[in-house]
1. Collect residues whose amide H, placed 1.01 Å from N in the peptide plane, falls under 5 Å from the amide H of Gly5; neighbours closer than 5 in sequence don't count.
2. Around Ile146, which amide H atoms from residues at least 5 apart in sequence, or from another chain, sit under 5 Å from its own amide H, with H modelled in the peptide plane?
3. Please turn the phi angles of the range 45-56 into ³J(HN,Hα) values with the Karplus equation 6.51 cos²θ - 1.76 cosθ + 1.60 (θ = phi - 60°), one per residue in order, whole Hz, x for glycine and proline.
4. So what are the ³J(HN,Hα) numbers for the range 13-29, from phi and the Karplus equation (6.51, -1.76, 1.60; θ = phi - 60°), rounded to whole Hz, Gly and Pro as x?
5. Rounded, prolate or oblate: which fits the range 2-90 when a ≥ b ≥ c are the square roots of the eigenvalues of the alpha-carbon gyration tensor, with rounded for a/c under 1.5 and prolate only if a/b beats b/c?
6. Listing Leu58, Leu135, Leu31 from the residue with the fewest other Cβ atoms within 10 Å to the one with the most, what is the order?
7. Gap in Å between the Cα centre of the range 104-140 and the Cα centre of the range 1-50?
8. Which one of Phe21, Ala37, Ser51 is farthest out on the positive end of the charge dipole of the range 2-90, using unit charges on Cβ (Lys, Arg +1; Asp, Glu -1) and the Cα centre as origin?
Amino acid sequence: ILLLGPLVPFFDAALSNKFRFLKPWESSLPLFDFLAAHAVSVRVLLCSGPSPVDDDVLARLPALELVVASSAGVDHIDLAACRRLGISVTNAGSAFTDDAADYAVGLLIDILHHISASDRYVRRGLWPLKGDYPLASKVGGNRVGIVGLGSIGSAIAILINSILLLYLINGRIPSYALRIRGRGFSDIAPRASRPSAFGIIGNG
């Protein structure tokens, strides 16, 4: 297995006894010279970072059968070239969906409650100079717009529903979303001014 970047230590320890890893950054050879030296033995390419997997890299790995992205994103992988060469591509799928939703809702609460902004206000010594920080908005009862209802957007909708927010949805609407507090809409522009907050959940 060819690695284009270091693995998280936990995964490196768990997998290094099961697979033979090739680590080009540990070699004194330039990358393409390293690839040439190991080309016939590389069956799998594991991307643990944003290193590009383009035509130049793929052309130097004639025995390659599989490209694995350790994240959900595959923007750094030339999918057309992989398809043309018969190389399979896989990624982390929805493994990080719940974590992404947690961050999104956490940021939403931060914005509505001005947690980070008021923290900066105090740390800059503005409290004794300008008085109390302006009051923020409560979370419950606000209306939130979600543009894009894939796996992450759906997870965000479920979390938002659990803290009694109303939300508007633009995108594919699964049946469970219709059973909770969400309402779909097809035209974003007329609705954009209505929610208290908007989230755009898309690819990339």
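1. Here Ser48 satisfy the definition.
2. Those qualifying (amide H under 5 Å, at least 5 residues apart or on another chain) are Leu168, Ile169, Asn170, Gly199.
3. Couplings: 10, 10, 9, 9, x, x, 4, x, 10, 10, 4, 5 Hz.
4. Taking θ as phi minus 60°, the curve returns 5, 6, 9, 5, 7, 9, 10, 9, 9, 9, 10, x, 5, 8, 9, 7, 6 Hz for the range 13-29.
5. On the way: a/c = 1.58, a/b = 1.17, b/c = 1.35.
Oblate.
6. Working: Leu58 19, Leu135 8, Leu31 15.
The fewest-first ordering by Cβ neighbours comes to Leu135, Leu31, Leu58.
7. 45
8. Among Phe21, Ala37, Ser51, the one farthest towards the positive end of the dipole of the range 2-90 is Phe21.
Where a number appears in this text, it was derived from the coordinates with a stated rule and is not lab data. Everything quoted here is computed from the prediction, not taken from an experiment. As a convention, Cβ positions derive from the backbone with ideal geometry for all residues, glycine included, and neighbour counts pool all protein chains shown.
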